[in-house]
Amino acid sequence: MPEEKKDKRVKVVVGEELPRDITSMDGSVVLCRKGTLVTPELIERLSNWIVEEEPRLTDGEERPKRKAAPSRMRDDMLRRLEFEQIVSEKTRESLEKGAESFFGGVTKDKKGGRMDLAELEDAIQELVQGTPDNPDVPVKLFELKKHSSYMYQHSIECGILASFVSTTLNYHPMEVNNFSMSMMVHDTGILEVPLEVLDKDGPLADDEWQRIKGHTRRGFEVLKRVPGIDPLALLMAMGHHAYADGSGYPQEVDFNELPPLVHLGAVINHFEALTSERPYRPAYSLYDAMRIILRQREKYHPAALENFVRVVGIYPISTFVQLNTGEVGVVVRNNQDGLFLPEVKLVLDQTGKPYQKEIIVNLLEEQDRVITGVRESI
Ligand SMILES: [Fe+2]
């Protein structure tokens, strides 16, 4: 083993103290401080960190090299926090059934099937009526039971996120309804792209890339024939990959002519896609997805991006954060006046031991605690 690698090894013995700080691979985050008592639980956590090491992100969506392992401790803690959910399991099932009914009709359309929005409309109404209007709700907690089709799942998650974001931004319920429906059907054109192209793990050939890009126009053409569809859904299908800096598609769409809800839909679509697992890359964390979106801010309408960030937060609710004190907390509320200084529930003390009582600190009002990093797992 090369000398410099050998130097980074730390001898970890149960019952003894850590001989020095253990940092993340890039050295930016202290994972565990020198002097911490080594317990079997700590070793388990350390091995989680090693497995879950995220590659450094550069500009754009660089592909992570390995898949993150699940973190039991993180999920257990999130479960115990009992956050309010955007949707109930029952509403989610209604949305899945509505999506199956509508997309099934689209698939069968050429063979004389019927494209019918009725079941999806009922499900959207149920969704909108039950959507909380406060922003203190995590946009995603765990990887929920996935529909077998990514396209269905992505559509449902986009519909849910659209309802939550627009409700929180005080849009009229009718607009929330139309917006959620538009986001549910925005990728209808994808149904015509073969799965081996959509899920290809490798660079796309030019014709494959053209097929994927064509889903916007195809979606518009298909949806145009659906009785009773709202015009916003047509614009969403056509415009959700149109970007302010001209980097999107299709070329003939003028970004500035699109309505504000399509601009907002473009942000939601990208964010949702980043936080979902794909065959060619694992899901990004909510925080990393937000960083990618913010790094690519030239793509988005500034007002749409600002509204989205105000609702979801720079550190989205349920993000585990490392504090300068050595403690670890989980974001439970965002402060509109200081998006970098959220309210945090402390979960681990500076020695890595779980706090037994509930301590919530508002970083906006705290002098001594600041966030120094984000923890994918604990
Ligand atoms: Fe799309």
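The values are calculated or read from the model by the stated rules, or taken from the named source; none is laboratory data. As the structure is a prediction and not an experimental result, all values here were calculated from the model. Because the Cβ atoms are built from the backbone with ideal geometry, glycine has one as well, and the counts that use them run over all protein chains shown. All accessible areas refer to the heavy atoms of the entire protein, side chains included, with ligands and DNA or RNA removed. Shrake-Rupley method; radii C 1.70, N 1.55, O 1.52, S 1.80 Å.
The gain in end-to-end length when the ASN362 to ARG310 segment is fully stretched comes to 17.0 nm, 0.36 nm per residue minus the alpha carbon separation.
Using the Cβ-Cβ distance between GLU221 and ASP75 with R0 = 45 Å, the FRET efficiency computed as 1/(1 + (r/R0)^6) comes to roughly 0.60. Extension gain for ASP201 to THR372 (0.36 nm times residue separation, less C-alpha to C-alpha distance): 58.1 nm. Of the whole protein surface, ARG217 contributes about 90 Å² of accessible area at a 1.4 Å probe radius. With every protein chain in place and a 1.4 angstrom probe, the accessible-area ranking of ARG20, ARG72, largest first, reads ARG72, ARG20. Simple spin-label estimate for GLU252 and MET174 gives 3.1 nm between the two label positions (7 Å along the Cα-to-Cβ direction from each Cα).
Across ASP136, ASP206, the residue with the most accessible area heads the list, and the full order at a 1.4 Å probe is ASP206, ASP136. Ligands, DNA and RNA excluded, the heavy atoms of VAL331 present near 0 Å² of accessible surface to a 1.4 Å solvent probe. For the range 85-312, the direction-averaged projected area of the alpha-carbon convex hull comes to 11.7 nm². These residues, LYS357, LYS200, go from largest to smallest accessible area, 1.4 Å probe, as LYS357, LYS200. What whole number of Å gives the distance from the Cα centroid of the range 248-284 to the Cα centroid of the range 155-210? Rounded to whole Å, the Cα centres lie 8 Å apart.
Pairs exceeding 22 Å between alpha-carbon atoms, taken from LYS90/LYS140; LYS34/LYS357; LYS90/LYS200; LYS213/LYS299: LYS34/LYS357; LYS90/LYS200.
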